[in-house]
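The values are calculated or read from the model by the stated rules, or taken from the named source; none is laboratory data. Since we're looking at a predicted model, the values are computed, not measured. Using ideal geometry, Cβ is built from the backbone for each residue, glycine included, and neighbour counts are taken over all protein chains shown.
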Amino acid sequence: MTTAKKVATTATTNKRKSTTKKKTTSFVVDNLPKNPLAFEVFDLVSRSRTKQKKIEILKKYDDSSLRRLFVWNFDQSIVSILPEGPVPYVGYDEQNTYSGTLTTRISEEVRKMHESGNFSLGASDQQGHTTIRRESKHFYHFVKGGNDGINAIRRETMYINILQGLHPLEAEILVLVKDKQLETKYKISKDIVSEAYPNIVWGDRS
């Protein structure tokens with residue numbers, strides 16, 4: 001074989017090798033801490049490829065606080081009585097130290113977490129945040145028929161105080177659920193929730 005032919009043969013072989021792609025298997029590792037935060041569960045479910053796996057995760061991490069979020073978000077008979085859209089700030093100090101809405105600030109904090117790769121997950125969260133798991137018992141104040149005895153200002157202040165105390169990624173969930181927009185962030189449908197929690201009764205709640 002001539003030198004020219006050897007070079008041509010080698011080049012063709014290398015080209016074939018370079019265009020051959022190895023098959024990779026993508027899977028989601030379920031390694032959440034004990035009593036995970038809501039966003040950890042939602043993120044794990046969202047990243048799962050199959051419907052069955054999503055249902056399995058929801059069953060494994062079943063908690064009344066998650067069910068309350070799903071009912072608020074997916075049940076059309078639940079009507080939020082909080083203003084729709086971005087959440088404003090309240091309080092003199094906050095208004096003088098930050099320009100914008102609480103929704104914007106939450107979004108910026110979430111973006112910074114993604115950029116740094118630091119989410120302060122679960123039990124490792126050392127920031128002293130409250131949790132949706134702890135605060136979900138107060139959700140009834142924010143929907144029609146839950147507690148009509150408090151005025152709008154007190155209700156909105158209560159909601160904002162909860163948001164400001166939550167981990168930013170949990171606060172983001174509460175803002176989404178208020179407007180029934182959970183699916184814009186997480187790949188979780190009412191159908192999946194219904195199969196994971198068949199004892200949830202939908203409708204006639206207001």
Go through segment 58-76 and give me each residue that's farther than 15 Å from K190 by Cα and either in contact with a strand residue (DSSP E or B) (Cβ under 9 Å, 6 or more places away or on another chain) or in a helix (DSSP H, G or I) (or both).
K60, S64, S65
Name the pairs whose Cβ atoms lie under 8 Å apart, with the first residue in segment 193-206 and free of Cβ contacts under 8 Å to residues at least 24 places away in the same chain and of a type in the set (S, T, N, Q), the second in a loop (DSSP other than H, G, I, E, B) and surrounded by 13 or more Cβ atoms within 10 Å (Cβ to Cβ), and 6 or more positions between them or separate chains?
S194/I200; S194/W202
Kindly indicate which of I173, I162, I153 is surrounded by 18 or more Cβ atoms within 10 Å (Cβ to Cβ), without any contact (Cβ under 8 Å) to a residue 40 or more places away in the chain and not in a loop (DSSP other than H, G, I, E, B).
I162
Restricting to segment 174-200, what's the tally of residues that are more than 16 Å from V143 (Cβ to Cβ) and aliphatic (A, V, I, L, M)?
4
How many residues, within segment 168-189, are touching a Ser or Thr at 6+ places or on another chain (Cβ under 8 Å), modelled with pLDDT of 95 or more and not hydrophobic (A, V, I, L, M, F, W, C)?
6
